[in-house]
Amino acid sequence: MRPLTMALCASLFAFSTAPAYADEADFEGIWLFDDAPSYPGVTMMEVTEKKGEMEGTVTSEWYGPMEMQDIAVEGDRMSFTMRNLNDKEHPTRIWHAERTPQGVHLTGTVWHTEHEEDGYRGTKAQAEKRRFKLTTLPQAKPLPFDGRSMTPPMGWSSWNKFAEDIDDATVRAMADALVETGLRDAGYIYVNIDDGWQGERAADGSIQPNDKFPDMKALADYVHARGLKLGLYSSQGPKTCAGYEGSYGHVEQDAETFAEWGIDYLKYDLCSGEWFYDTRDTVLRSYYEMGKAIRETGRPMLYSICEYGRFDVGNWGRQVGGHLWRTTGDIVDEWPVMEDIGFNRNPKKPEYSGPGGWNDPDMLEIGNGGMSHEEYQTHMTLWAMSAAPLILGHDLRETSDDALALLTNREVIAIDQDARGEQGVPLRKDSQQEVWTKPLSDGSTAVALFNRGTAAARMAVRPEDIEAETIQGARNLWTHSDLTGKDLSFTVPAHGSVMLRVW
Ligand code: GLA
């Protein structure tokens, strides 16, 4: 062949539209993914054709089998839609699979995370190993009240300060610090390990702590020996919010393990379970499943429901064994978030709170440094007025005198812990100023003056605030002083608060 003809042939070959690999338009079958990004952790795609219609699932570690809808193939590209999460603008997302010489290239988005990875053809035997085992939920029957949590729980949790950076030594140090600072004696007795303690499951399916927690039982003994109680965290989904092993498919087994370790408190966080349980009925039953499992262990445990206030949780939290239930998304150590949770979101259904079950506006940020003294005092005042669980969220070894004074004020804690258990509510609002009241078991009323504005404001308590003709007496709980005389007016600093007990 002459050089020119050779060159022509080569270029024709390069631009040929003939398939580069035999079955380029064929998407049917099993596709395996080994290096998937951890969220949502795609492991497999299965596509079949039935009566001319294509159907299939993308299996992921977070959400199990995710159904592929509206599958369409054009050339070497398949497109389909999948349900999406927590994104009202995009309730579904379009995904693509493109054939490559090695197999398939998959792209798509779940929630706000873009996903991209390469897969290869697999066998039925391989698919069987990766197939997600779906479980069914029990029907819920209201669990009888167990008489616990007659006042809002108090303690400490690892999440706000340490997030996943938590280990046995730090938890022990927190237990010691609760004792040394006097916080334990002020009532903070739960030491709660949040997300990040979990390891893999053993061959028998039992959950193991990761190597930062060498011996959970010994840790529980250590905490108990100091007059404290130990809390732990899990999810009804296959993955917790930080991507650790959840309780899906192992609910009873995990409850038994927690009881054997000596756990006294479980926070159960919806997380990846939201893909499986997205109606009132299924979310309720998923909490019931664990609530019942806890009861059946025979070990007393407080049960903290964390599903961000969905499906009117306060209406059914007690029925599933819950002692507290989050009413909102996560708190952040910043005034706008704390303010929004405390003033706007948590007060919506005060009637659900009371002895045995509490609206939970999330854990405290006092001591973490993101807010001013006045703002932290407002945080504490607001939580105490709301009969909120008081779960500390800072490094207790670094508790400043100021934070300690805010957190251990016995008179303020007594409002939170009052036996009547009523959640205080805003009585009057005037632009940026709010007057809240909380009736107390001794017939007196806790009154808080909140100034949400950015300039100091004059605020006063009136007799009608406590449904009385005259105010007979009052005590300022932050300054520990009895107030005499009729004038109960104060200059409340910007973002500040005054807290009184009034009769
Ligand atoms: C969710 C919860 C938080 C915390 C994290 C842990 O975001 O709302 O309180 O438990 O999960 O991953």
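State the Cα centre-to-centre distance between the stretch 249-292 and the stretch 99-122 in whole Å. So the separation of the two Cα centres works out to 32 Å. Extension gain, GLU200-GLU116: 0.36 nm per intervening residue step, less the Cα-Cα distance, totals 27.7 nm. Using the Cβ-Cβ distance between GLU467 and LYS212 with R0 set to 41 Å, the FRET efficiency from 1/(1 + (r/R0)^6) comes to roughly 0.15. The residue among PRO138, TRP503, VAL73 whose Cα reaches farthest toward the positive pole of the charge dipole of the chain, with charges on the beta-carbon of Lys, Arg, Asp and Glu, is TRP503.
Label separation (VAL179 vs THR297): 2.4 nm, computed from points 7 Å beyond Cα along the C-beta direction. Note that the stretch 196-295 presents 33 Å² accessible area per residue, ligands and nucleic acids not counted, probe 1.4 Å. Dipole orientation for the stretch 354-503: of the candidates MET380, PRO361, VAL435, VAL435 has the Cα lying most toward the positive pole (charges on Cβ; Lys, Arg +1; Asp, Glu -1).
Average accessible surface for the stretch 369-503: 41 Å² per residue, computed with a 1.4 Å probe over protein heavy atoms with every protein chain in place. Entry note, the stretch 298-385: relative contact order of 28 percent, from Cα contacts under 8 Å with a spacing of 6+ residues. A simple spin-label model places pseudo-atoms 7 Å from Cα toward Cβ; at GLU98 and ALA125 they are separated by 3.4 nm.
With only Lys, Arg, Asp and Glu charged, each at its Cβ (+1 for the first two, -1 for the last two), find how big the charge dipole of the stretch 336-426 is about the Cα centre; round to the nearest 20 debye.
Values: 6 positive and 16 negative charges, 71 e Å.
With Lys and Arg at +1 and Asp and Glu at -1, about 340 debye.
Express the carbon and sulfur contribution to the solvent-accessible surface of the stretch 138-253 as a percent, rounded to the nearest whole number, probe 1.4 angstrom.
After summing per-atom areas, the C and S share lands at 48 percent.
Relative protection proxy for 42-51, 315-324, from highest mean packing down: 315-324, 42-51 (other beta-carbon atoms within 10 angstrom). Gain on full extension, evaluated as 0.36 nm per residue between GLU67 and ASP146 minus their Cα-Cα distance, stands at 24.4 nm. When the Debye formula is applied to the Cα atoms of the chain, each taken as the same point scatterer, what base-10 log of I(q)/I(0) results at q = 0.06, 0.08, 0.10 Å⁻¹? Relative scattering, expressed as log10 I(q)/I(0), comes to -0.37, -0.59, -0.83.
Let's see if you can work this out: charge +1 on each Lys and Arg Cβ, -1 on each Asp and Glu Cβ, no other charges. What is the dipole magnitude of the stretch 193-330 about its Cα centre, in debye to the nearest 20?
440 debye
Seen from PHE343, the other residues with C-beta closer than 12 Å to its C-beta sum to a net charge of +1, counting Lys and Arg as +1 and Asp and Glu as -1.
Could you work out the relative contact order of the stretch 39-81, using alpha carbon pairs under 8 angstrom and six or more residues apart, expressed as a whole percent?
29 percent
Contact order, relative form, for the stretch 385-474: 23 percent (alpha carbon pairs under 8 Å, 6 or more residues apart, mean separation divided by residue count). Each peptide in 81-87, 158-164, 446-452, 53-59 receives the mean, over its residues, of other Cβ atoms within 10 Å, and ordering these scores from highest gives 446-452, 158-164, 53-59, 81-87. The residue list VAL104, GLY64, LEU449 was ranked by how far each Cα lies along the charge dipole of the chain toward its positive end, using unit charges on Cβ atoms, and LEU449 comes out on top. Excluding ligands, DNA and RNA, the accessible surface per residue across the stretch 39-109 is 49 Å² with a 1.4 Å probe. In the stretch 194-343, the alpha-carbon atoms span a convex hull of 130 Å³ per residue. With R₀ fixed at 41 Å, the C-beta to C-beta distance from ALA405 to ARG428 puts the FRET efficiency at about 0.90. Net charge of the neighbourhood of MET54, taken over other residues with C-beta under 10 Å away and scored Lys/Arg +1, Asp/Glu -1, is -4. Each eigenvalue of the Cα gyration tensor of the stretch 242-301, multiplied by 5 and square-rooted, gives one semi-axis; in descending order these are 21, 13, 9 Å. Counting charges near HIS394 (Lys, Arg +1; Asp, Glu -1) among other residues having Cβ under 10 Å from its Cβ returns a value of -2.
The values are calculated or read from the model by the stated rules, or taken from the named source; none is laboratory data. Computed from a predicted model, the values in this text were never measured in an experiment. Methodologically, a virtual Cβ is constructed for each residue, glycine included, from the backbone with ideal geometry; neighbour enumeration extends over all protein chains shown. Surface areas here come from the heavy atoms of the whole protein model, side chains and all, with no ligands, DNA or RNA. Shrake-Rupley method; radii C 1.70, N 1.55, O 1.52, S 1.80 Å.
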